[in-house]
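Undergrad: Below are the structure tokens for one structure; questions will follow.
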Amino acid sequence: CQAGWPTSIEDISVLGIVVFPNPTQNTITIETRLQIKVEVYDIMGKLLIKEENTKHLDLSDLANGLYNLSIIHKDKRYNKQIIKQ
């Protein structure tokens, strides 16, 4: 793209990262062997959770709704939307 916008979104499954269940009621599991940082943002962009090298995220304190999960590996950010029910 001439404006400098990305032409594709990188899929985290290519890196061997699996996030489940989605939707979830309380806990998200992240399966990976990579060293990662994890951030969860609300729909307005407010950072709610920030963890390093975790396999489980506890979302029980969050209200039901849509959240953005960012997985950071080697200075690259991969985003996935998650739903808390």
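The values are calculated or read from the model by the stated rules, or taken from the named source; none is laboratory data. What you see is a predicted model; the values in this text were computed from it and never measured. Positions of Cβ are backbone-derived with ideal geometry, glycine not excepted, and every protein chain shown enters the neighbour counts. Please note that ligands, DNA and RNA were not included when accessible areas were found on the heavy atoms of the full protein model with its side chains. Shrake-Rupley method; radii C 1.70, N 1.55, O 1.52, S 1.80 Å.
Undergrad: Can you name every residue in region 54-67 that is under 13 Å from the mean Cα position of the chain (by Cα) and in a loop (DSSP other than H, G, I, E, B)?
TA: Within region 54-67, Thr54, Lys55, Leu59 meet the criteria.
Undergrad: For region 72-85, what are the residues that are open to solvent by less than 90 Å² (accessible area, probe 1.4 Å) and out of contact with any Asp or Glu (no Cβ under 8 Å at 6 or more places or on another chain)? Spell out how you get there, then give the answer.
TA: Taking region 72-85 and keeping what is open to solvent by less than 90 Å² (accessible area, probe 1.4 Å), we get 72-73, 78, 80, 82-84.
Answer for region 72-85, where residues must be open to solvent by less than 90 Å² (accessible area, probe 1.4 Å) and out of contact with any Asp or Glu (no Cβ under 8 Å at 6 or more places or on another chain): His73, Lys80, Ile82, Ile83, Lys84.
Undergrad: Please specify each residue of region 28-49 satisfying the condition of being loosely packed, with under 12 Cβ neighbours inside 10 Å and either touching a residue at least 40 places away in the same chain (Cβ under 8 Å) or assigned to a strand (DSSP E or B) (or both). Outline the logic, then answer.
TA: Going through region 28-49, the residues loosely packed, with under 12 Cβ neighbours inside 10 Å turn out to be 31, 33, 35, 43-47.
Those that are loosely packed, with under 12 Cβ neighbours inside 10 Å and either touching a residue at least 40 places away in the same chain (Cβ under 8 Å) or assigned to a strand (DSSP E or B) (or both): Glu31, Leu47.
Undergrad: Could you check, for region 32-42, whether at least one of its residues is in contact with a Leu (Cβ under 7 Å, 6 or more places away or on another chain) and of a type in the set (D, E, K, R)?
TA: yes
Undergrad: Let me ask something additional. Of everything in region 54-71, what is farther than 16 Å from Asn22 by Cα and either open to solvent by 80 Å² or more (accessible area, probe 1.4 Å) or touching a Ser or Thr at 6+ places or on another chain (Cβ under 7 Å) (or both)? Give them in sequence order.
TA: Narrowing region 54-71 to residues farther than 16 Å from Asn22 by Cα: 54, 61.
Selection gives Asp61 alone.
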